[in-house]
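This report concerns only the one structure given below.
The values are calculated or read from the model by the stated rules, or taken from the named source; none is laboratory data. The shown structure was predicted, so the numbers you read here are calculated from the model rather than taken from an experiment. Note that we place each Cβ from the backbone using ideal geometry, even for glycine, and neighbour counts take in every protein chain shown.
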Amino acid sequence: MRIAIGVAYDGRTFAGWQSQPGGNTIQDRLEAGLTAIANAPVRATAAGRTDAGVHATGQVAHFDTGAERPETAWVRGVNAQLPEAIAVQWACAVEAEFHARYSATSRTYAYVLYNHPVRPSVFGGRTGWFHLPLDVDRMRAAAGALVGEHDFSAFRSAECQAKSPVRVLMRAAVERQGEYVVFEFTASAFLHHMVRNLVGCLVHVGKGAQPPGWVAEVLAGRDRRRAAPTFGPEGLYLTRVTYPERWNLPRFAPMLPLFSESRPNSS
């Protein structure tokens with residue numbers, strides 16, 4: 001039996017999604033919880049391998065098990081085994097052909113940036129921070145050049161293992177919500193550190209260090225050295241993974257006031 005689950009987590013104290021020998025990852029903790037309920041070893045596969053310190057409100061994973069349990073056991077039962085920073089949001093049986101990573105049609109990441117002269121306190125570690133005023137209109141104009149199919153070599157990390165730097169960016173939005181600036185990107189898939197590098201360049205434009213057209217020049221140049229520094233992971237959230245309607249996956253409830261719209265997982 002294959003089960004799909006929705007997972008949300010605060011990534012501050014974890015070494016990312018991917019299992020590691022030290023064991024302090026989202027995957028390690030989640031698999032331990034699933035194994036306890038299944039009473040047999042369980043391996044989980046996620047739609048996106050988030051890095052250390054990165055959060056998720058809309059991660060999707062799947063696992064196979066021979067254990068017959070009610071769907072509530074894979075939610076409340078597993079959550080009872082997990083640290084409070086990780087919570088399964090929903091669970092449902094799916095056909096064996098479903099794959100959390102390869103069946104997905106798009107992924108959406110949001111970067112939440114606290115734009116204020118004084119650093120954040122209550123939301124420290126859960127939002128990025130930039131102290132100088134940012135011009136949202138300039139950043140929005142710059143982001144427009146990123147939409148479409150491009151070679152994003154200028155925005156990938158040196159450790160990126162993707163075979164191709166070409167990605168299709170379907171949406172690049174920038175909006176201000178009070179003292180916060182929210183960047184949202186939707187793509188078929190992302191390169192390593194791609195979103196954090198995009199945010200770094202847009203902030204460079206927003207503070208007036210470069211004109212909006214500079215981002216298009218960096219993109220065309222395909223040279224990471226010409227781009228701005230990588231922004232920290234604190235404000236990055238995997239907010240949505242979309243799948244074809246045939247899988248009929250449940251909706252995620254909004255987890256943050258900044259993400260007020262409840263959006264389906266199907267496209």
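Overview of results
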| quantity | calculated |
| --- | --- |
| Where Phe63 falls short, out of the listed (1) more than 24 Å from the chain's Cα centre (by Cα); (2) buried (at least 16 other Cβ atoms within 10 Å of the Cβ) | (1) |
| Region 100-129, subset touching a helix residue (DSSP H, G or I) at 6+ places or on another chain (Cβ under 6 Å) and at pLDDT 95 or above, residue nearest to Leu238 (Cα to Cα) | Tyr109 |
| Selection from region 228-248 of residues that are of a type in the set (Phe, Trp, Tyr) and either in a helix (DSSP H, G or I) or under 13 Å from Ala104 (Cβ atoms) (or both) | Tyr243, Trp247 |
| Members of region 192-209 found to be buried (at least 21 other Cβ atoms within 10 Å of the Cβ) and within 16 Å of the chain's Cα centre (by Cα), listed by number | His193, Met194, Val195, Arg196, Asn197, Leu198, Val199 |
| Count - residues of region 74-91 that are over 14 Å from Ile26 (Cα atoms) and in a helix (DSSP H, G or I) | 4 |
| Residues being surrounded by fewer than 21 Cβ atoms within 10 Å (Cβ to Cβ) and either outside the structural domain of Gln59 (by TED's automatic domain parsing) or under 14 Å from Arg49 (Cβ atoms) (or both) - total across region 3-19 | 4 |
| Residues of region 181-234 satisfying the condition of being hydroxyl-bearing (Ser, Thr, Tyr) and closer than 21 Å to Gly16 by Cβ | Thr230 |
| Test: Glu97 is surrounded by fewer than 16 Cβ atoms within 10 Å (Cβ to Cβ), farther than 22 Å from Arg12 by Cα and at pLDDT 95 or above | yes |
| In region 46-73, residue farthest from Ala8 (Cα to Cα) [restricted to those that are among the acidic types (Asp, Glu) and either assigned to a loop (DSSP other than H, G, I, E, B) or in contact with a Ser or Thr (Cβ under 8 Å, 6 or more places away or on another chain) (or both)] | Glu68 |
| Residue in region 114-124 that is surrounded by 21 or more Cβ atoms within 10 Å (Cβ to Cβ) and over 21 Å from Arg12 (Cα atoms) present | no |
| When residues of region 16-25 are limited to those that are under 13 Å from Ile86 (Cα atoms) and touching a helix residue (DSSP H, G or I) at 6+ places or on another chain (Cβ under 9 Å), the one modelled with the lowest pLDDT | Asn24 |
| From Glu175, Glu184, Glu159, Glu179, residue being acidic (Asp, Glu), closer than 20 Å to Thr105 by Cβ and out of contact with any Pro (no Cβ under 7 Å at 6 or more places or on another chain) | Glu184 |
| Region 20-45: number of residues that are surrounded by fewer than 18 Cβ atoms within 10 Å (Cβ to Cβ) and assigned to a loop (DSSP other than H, G, I, E, B) | 9 |
| Residue match in region 156-168 (condition: modelled with pLDDT of 95 or more, surrounded by 13 or more Cβ atoms within 10 Å (Cβ to Cβ) and closer than 15 Å to Leu134 by Cβ) | no |
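Residue by residue, here is whether (1) touching a Gly at 6+ places or on another chain (Cβ under 8 Å); (2) not assigned by TED's automatic domain parsing to the domain that holds Met170 holds:
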position	(1), (2)
Trp90	yes, yes
Val94	no, yes
Phe98	no, yes
Leu113	yes, no
His116	no, no
Arg119	no, no
Val122	no, no
Gly125	yes, no
Gly128	yes, no
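Condition check ((1) acidic (Asp, Glu); (2) touching a Pro at 6+ places or on another chain (Cβ under 9 Å); (3) assigned by TED's automatic domain parsing to the domain that holds Pro41; (4) surrounded by 15 or more Cβ atoms within 10 Å (Cβ to Cβ)) across all residues:
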residue	(1), (2), (3), (4)
Thr57	no, yes, yes, yes
Pro70	no, no, yes, no
Val75	no, no, yes, yes
Ala85	no, no, yes, yes
Ala110	no, no, no, yes
